[in-house]
Each structure stands twice: as C-alpha cells, then as structure tokens.
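Participant: Just dropping this structure here.
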Amino acid sequence: MADTGHPRRWFILGILNLSLVLVVASVSSLNLSLPSIQRALDASAADLIWINAAYALVFAAFLLPAGALGDRFGRKGALLTGLVVFVLGSLLGSTADTAGQVIAFRATMGIGAALAMPATLSILTAIFPPDERNKAIAIWSGFAGAGGAIGILSAGVLLEYFWWGSVFFVNVPTAVTALVLVAAVVPTSRDTQGHNLDPFGSILSAVGLAALVCALVQGPEYGWSDPLVLGGFVAAVALLTSWVAFERRQEHPMLDPRLFRIPRFGLATLALGTTFAVMFGMFFGLAQYLQFVLGYSPLGAAVRVMPFAIVMIAVSPRGPSLAARFGSGRVIGGGMLVTALGCGVMALLTGDSGYGHVVLGVILISSGMALGFPTSTAAIVGSLPLDKAGVASAVNDTTREVGSAVGIALLGSLLSAGYRRGLGNALDQAPAEMAEFARDSVGAALVVAQRAPAGVGDHIAATARDAFANGYSLAMTAGTALLALTGTIVIRRWPAD
C-alpha cells in the first residue's frame with residue numbers, strides 16, 4: 001500500500017472530506033444562529049460568548065492528545081469514536097432548552113471533532129502513495145477552507161425555514177452517513193513503533209491551550225487588562241512552557257517541540273496560523289457587514305459568501321503543481337500576499353459600497369488561501385514520519401483552531417474599537433442607557449435607531465453603518481499588514497526545495 005496506495009483511495013478521500021466539512025462547518029454555522037438562540041432561550045451576552053466559544057475551546061485543547069491516541073490505537077477507531085460523540089452532542093444540542101445545556105453540548109461536540117479531524121488527514125496520508133499524497137492533501141485543504149462558507153450557507157437555509165436547533169440537528173443524518181461509510185470502507189492505520197502514550201504531556205498541552213483560547217475569547221468582551229484575561233495568558237504561558245520543558249526530556253514525546261526549529265515545519269505552521277487568524281476575523285466582520293450595512297437577510301448573506309467556497313475547492317488542487325514548479329515557500333508566501341491584496345480591497349469598504357466590491361475581495365482572499373493552505377499542510381505533515389501522522393495532523397488542526405481564536409479576538413477588538421470611534425457624537429440625542437446599548441454593536445445601534453424619532457433614527461442608523469464599515473476597514477488593514485509581513489518572511493526564509 002505504501003507504493004501503490006489503497007485501491008479505493010479517491011472514494012475514501014470523499015468520505016474523509018464529508019467528515020471534515022461536518023466538523024469545520026460547525027464552527028461557522030453557529031454564528032448566524034446566535035440571534036435566534038438568544039431570543040429562544042433568553043440567553044445573556046456572556047451565554048452567547050460561551051455558546052460560540054465552547055466548541056472551539058475544547059476542540060483546540062484536545063486535538064494533540066486525540067491525534068496521539070489515533071496514532072497509538074488506530075486512526076479509524078478515533079474517527080468513528082469522534083463521529084459518535086459528535087452525533088450525540090448534536091442531537092442533545094438540538095433539544096436543549098437552556099443556554100447552559102447548549103454550552104455543554106457544544107463542548108461535547110468539540111471532543112468529537114478533536115478525535116475526528118486529525119484522523120481524516122492522517123488516514124489520508126496512509127492510503128495515498130507519495131506521488132499522489134500532495135494532491136490529495138490539496139483537495140482535503142480545499143474542503144477544510146470551504147467548510148467555513150458551507151457552514152454559513154447551511155445555517156442560512158435552515159434558519160430561513162426551521163428552528164434554531166436545526167443547525168445542530170442537521171449534523172445527525174450527515175454524521176450517521178459518514179459513520180456507515182467509514183465503518184464499511186475506510187481502512188485503519190496506526191503507529192507501527194508501538195510507543196507508549198504521554199499522558200502528562202497531553203494534560204499540560206490540553207490545559208495550556210485551553211487557557212490560551214479562553215483568554216483570547218474573553219479579551220474582547222471583558223478587556224485585555226481584566227484579571228481573568230491576564231490570568232489566562234499567564235497560565236497559558238506557564239503551562240505551555242512547562243510542556244516544552246517536559247517534552248524535551250522524554251525519549252518518545254507526544255510532540256517534540258524541537259520540530260518547530262525545522263524551517264519547513266515552523267514556517268508552515270506560522271503561515272497557516274496567521275492565514276486562519278485573518279480568515280476567521282474576516283468572516284466574523286463580513287457576516288455582520290452584509291446583514292447590517294448592506295441589508296441582506298441571513299440567507300442572503302450566506303449565499304453571497306459562497307464564492308469563497310467555490311474558489312477554494314476549484315483552486316486548491318492546483319497548489320501542488322505550482323509548488324513543484326516554483327517551490328513551496330514561494331507558493332505559500334505568494335498565496336499570503338494575494339490574500340493580503342484581497343484584505344486590502346476589503347479595507348476600502350465603506351457604508352456605501354456594493355456587493356461587487358465585496359465579492360472582488362472575497363475571490364482574491366480565497367484564491368490566495370487556496371494556494372497556501374494545501375502547501376502548508378503538506379509541509380507540516382511531510383516533516384514527520386507516517387507513524388506520527390496523527391500528531392502531525394493534530395498540529396495542523398491545532399494551528400488552525402488557535403489561529404481562528406486569535407483572529408476573532410484581535411481583529412474583532414479592532415473592529416469594535418473602530419466602530420465606537422466612528423460613532424462620534426451621533427448618539428448624543430439618545431437617552432444615556434440607549435446610547436450605551438448602541439455603542440455595543442451595530443445591530444444594537446440599528447435597534448435604537450428604529451425606536452428613535454424619524455430624523456434622529458435615520459441619522460443614528462446611517463452613522464452606525466458607516467462606523468461599522470470604518471471598524472471593519474481598520475481590522476482588514478491590520479490583517480493586510482500581518483499577512484504581507486508573514487508572507488514576506490516565508491518567502492525569504494524558506495529553504496530551497
């Protein structure tokens with residue numbers, strides 16, 4: 001199999017991609033359903049934050065240990081177990097009647113996702129021969145990137161016709177279908193060396209990453225100087241530093257931190273994390289821009305994000321051939337520069353811009369990411385032996401999840417700061433309580449505008465839309481600079497292929 005690959009490998013790749021999209025789409029689909037959940041369950045602002053964050057927090061924390069478990073005991077078993085847990089969390093989440101239950105069941109789904117996602121990539125690396133592996137990884141990466149847009153579209157359709165719980169329930173038939181196909185067709189593989197597990201290292205990495213993501217999630221809401229936020233960062237630094245020190249002393253560590261000194265591994269991880277940070281920061285603001293500034297419905301906004309998914313799936317398979325011709329570093333870095341150009345286009349959006357402006361930026365962003373994602377993933381996975389494919393896959397996936405949390409936290413904070421600054425004195429004529437409410441978000445400002453007298457309300461609404469566009473522009477300007485800087489570093493520091 002190592003030379004010719006599994007005879008049904010392309011069909012198996014389709015099954016793995018179905019499982020992958022299920023996991024990735026669940027990250028983005030919830031964003032559109034938060035207003036519906038708030039109305040149905042009377043959820044507070046803090047509840048909404050944790051409904052959104054619980055999945056990503058648990059997902060990121062358990063990825064590395066879950067990848068190691070798949071390597072040790074079998075990747076097919078890890079994928080099947082993850083899908084079962086995911087189905088259970090989705091089914092219970094769809095019937096929840098309190099915000100606390102939704103948070104708990106989203107966390108359960110995160111455990112399932114952590115078991116399933118690295119298994120999809122590690123199984124892929126085992127069933128494809130070396131000469132086809134990068135192409136398969138490119139297709140996998142295309143669906144991983146497209147999953148975010150697919151999740152938004154599916155949520156838009158479901159919320160248009162069904163109740164908020166349908167966003168959870170739709171996972172059940174999809175995951176059951178994947179379960180049956182995985183059990184019937186997908187082969188298993190594992191670490192042939194039979195190395196012992198690393199439970200203490202797993203605990204240190206899980207708790208350290210959980211503390212980091214928790215601090216990043218809480219920062220925009222409570223302020224970066226809040227004691228809990230600062231405590232989270234301090235705990236994350238202490239735990240992850242301890243993890244590095246502990247792993248370096250182990251004969252067979254779960255993940256050797258010295259791997260990050262390998263230029264291909266370290267630079268590819270940096271590129272992937274940076275790009276995912278900007279992508280999720282872009283999606284976080286774009287969904288609101290399309291609805292609150294351009295006036296589209298949730299379904300209308302979701303449909304207009306679909307060019308992102310289409311371009312990702314169409315362009316990603318071309319990455320390996322370009323990397324073979326021009327070098328992996330140039331393709332990864334060049335893709336980041338194209339993405340930076342797209343973010344620069346988005347930074348020029350105003351309250352009066354049309355959808356044509358938006359779709360140009362989306363196409364450029366998705367084109368650049370479609371070039372960079374598969375090449376980065378191939379570099380990460382190719383840096384470790386096949387016996388460690390689960391851990392390599394988990395590093396790839398952890399980088400994506402932590403990058404997503406960083407992007408939403410940092411770019412979201414810039415968006416909020418720019419929005420509040422752009423409001424100026426537009427709310428001076430509104431009662432103090434309503435003015436404070438309106439400064440919280442553009443959606444709140446539009447509610448205040450509806451309740452204000454006609455002349456005053458129109459002024460508040462127009463100013464709020466312009467202010468949000470200014471805030472989004474500020475966030476996208478930062479994203480442009482971050483991508484351009486990192487892309488340049490990757491091009492200059494990448495070793496010769």
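The values are calculated or read from the model by the stated rules, or taken from the named source; none is laboratory data. Predicted model only: the values in this text are computed from it and were never measured. Please note: Cβ atoms are built from the backbone with ideal geometry, for glycine as well, and neighbour counts cover all protein chains shown.
Participant: Go through Ser205, Ser141 for me and flag whichever is outside the structural domain of Ile111 (by TED's automatic domain parsing) and under 23 Å from Glu401 (Cβ atoms).
Facilitator: Numbers: Ser141 fails: outside the structural domain of Ile111 (by TED's automatic domain parsing).
It is Ser205.
Participant: So, one more: Checking the conditions here, which among Leu20, Leu16, Leu92, Leu79 is part of a helix (DSSP H, G or I) and surrounded by fewer than 20 Cβ atoms within 10 Å (Cβ to Cβ)?
Facilitator: Numbers: Leu20 fails: surrounded by fewer than 20 Cβ atoms within 10 Å (Cβ to Cβ); Leu16 fails: surrounded by fewer than 20 Cβ atoms within 10 Å (Cβ to Cβ); Leu79 fails: surrounded by fewer than 20 Cβ atoms within 10 Å (Cβ to Cβ).
After applying the criteria, what remains is Leu92.
Participant: Is it true that Ser90 is modelled with pLDDT under 85, of a type outside the set (Lys, Arg) and in contact with a helix residue (DSSP H, G or I) (Cβ under 6 Å, 6 or more places away or on another chain)? Can you show your working first?
Facilitator: Numbers: modelled with pLDDT under 85: no; of a type outside the set (Lys, Arg): yes; in contact with a helix residue (DSSP H, G or I) (Cβ under 6 Å, 6 or more places away or on another chain): yes.
No; evaluated as a whole, the condition is false for this residue.
Participant: What about Gly223, is it modelled with pLDDT under 80 and either surrounded by 22 or more Cβ atoms within 10 Å (Cβ to Cβ) or under 21 Å from Ala287 (Cα atoms) (or both)? Can you show your working first?
Facilitator: Numbers: modelled with pLDDT under 80: yes; either surrounded by 22 or more Cβ atoms within 10 Å (Cβ to Cβ) or under 21 Å from Ala287 (Cα atoms) (or both): no.
Here the answer is no, as Gly223 does not meet what is asked.
Participant: Any residue that is among the polar types (S, T, N, Q) and at pLDDT below 90 - is there at least one of those in region 359-373? Before the answer, list the steps.
Facilitator: From region 359-373, those among the polar types (S, T, N, Q) are 366-367; that's our starting set.
Filter once more, so that each one left must be at pLDDT below 90: none.
No, that holds for no residue.
Participant: Out of the residues in region 101-152 meeting the condition of being of a type in the set (Ser, Thr, Tyr) and closer than 30 Å to Gln288 by Cα, tell me which one is surrounded by the fewest Cβ atoms within 10 Å (Cβ to Cβ).
Facilitator: First pass over region 101-152, keeping only residues of a type in the set (Ser, Thr, Tyr): 108, 120, 122, 125, 141.
Within this subset, residues satisfying the condition of being closer than 30 Å to Gln288 by Cα are 108, 141.
Details: Thr108: 20, Ser141: 28.
Only one residue fits best here, namely Thr108.
Participant: Just to be sure, is Leu159 in contact (Cβ under 8 Å) with a residue 40 or more places away in the chain and more than 30 Å from Arg72 (Cβ to Cβ)? First the steps, then the outcome.
Facilitator: Numbers: in contact (Cβ under 8 Å) with a residue 40 or more places away in the chain: yes; more than 30 Å from Arg72 (Cβ to Cβ): yes.
Yes: the conditions hold for Leu159.
Participant: Another question about this same structure. Mind listing whichever residues of region 284-301 are under 30 Å from Val395 (Cα atoms) and in contact with a Gly (Cβ under 6 Å, 6 or more places away or on another chain)? Give the derivation first.
Facilitator: Pass one, region 284-301, residues under 30 Å from Val395 (Cα atoms): 284-287.
Phe284, the sole residue that qualifies.
Participant: Also: If you check Ile460 against the conditions, is it β-branched (Val, Ile, Thr), buried (at least 17 other Cβ atoms within 10 Å of the Cβ) and modelled with pLDDT under 90?
Facilitator: Judged against the criteria, Ile460 is a match.
Participant: Please specify each residue of region 354-369 satisfying the condition of being touching a Pro at 6+ places or on another chain (Cβ under 9 Å) and crowded, with 21+ Cβ neighbours inside 10 Å.
Facilitator: We begin by selecting, within region 354-369, every residue touching a Pro at 6+ places or on another chain (Cβ under 9 Å); these are 359, 362-363, 366.
The answer is Val362, Ser366.
Participant: Looking at Ala435, Ala426, Ala409, Ala454, can you tell me which residue is at negative phi and modelled with pLDDT of 70 or more? Let's see the steps before the verdict.
Facilitator: Numbers: Ala435 fails: modelled with pLDDT of 70 or more; Ala426 fails: modelled with pLDDT of 70 or more; Ala454 fails: modelled with pLDDT of 70 or more.
Sole residue among the options that is at negative phi and modelled with pLDDT of 70 or more: Ala409.
Participant: Could you tell me how many of the residues in region 235-250 are in a helix (DSSP H, G or I) and basic (Lys, Arg)?
Facilitator: Filtering region 235-250 for residues in a helix (DSSP H, G or I) gives 235-248.
Among the residues that remain, those that are also basic (Lys, Arg) are: 248.
So the answer is 1.
Participant: What do you reckon, is Gly112 in a helix (DSSP H, G or I), more than 19 Å from the chain's Cα centre (by Cα) and not hydroxyl-bearing (Ser, Thr, Tyr)?
Facilitator: For Gly112, the condition - in a helix (DSSP H, G or I), more than 19 Å from the chain's Cα centre (by Cα) and not hydroxyl-bearing (Ser, Thr, Tyr) - is not met.
Participant: Here is a further query. For region 153-167, check the following and say yes or no: at least one residue is modelled with pLDDT of 75 or more, aliphatic (A, V, I, L, M) and either surrounded by fewer than 21 Cβ atoms within 10 Å (Cβ to Cβ) or not in a helix (DSSP H, G or I) (or both). Quick ask: steps written out before the conclusion?
Facilitator: First, pick out the residues of region 153-167 that are modelled with pLDDT of 75 or more: 153-167.
Narrowing further to those that are aliphatic (A, V, I, L, M): 153, 155, 157-159, 167.
Pick out the ones that are also either surrounded by fewer than 21 Cβ atoms within 10 Å (Cβ to Cβ) or not in a helix (DSSP H, G or I) (or both) and you get 157.
Yes, because at least one residue in region 153-167 is modelled with pLDDT of 75 or more, aliphatic (A, V, I, L, M) and either surrounded by fewer than 21 Cβ atoms within 10 Å (Cβ to Cβ) or not in a helix (DSSP H, G or I) (or both).
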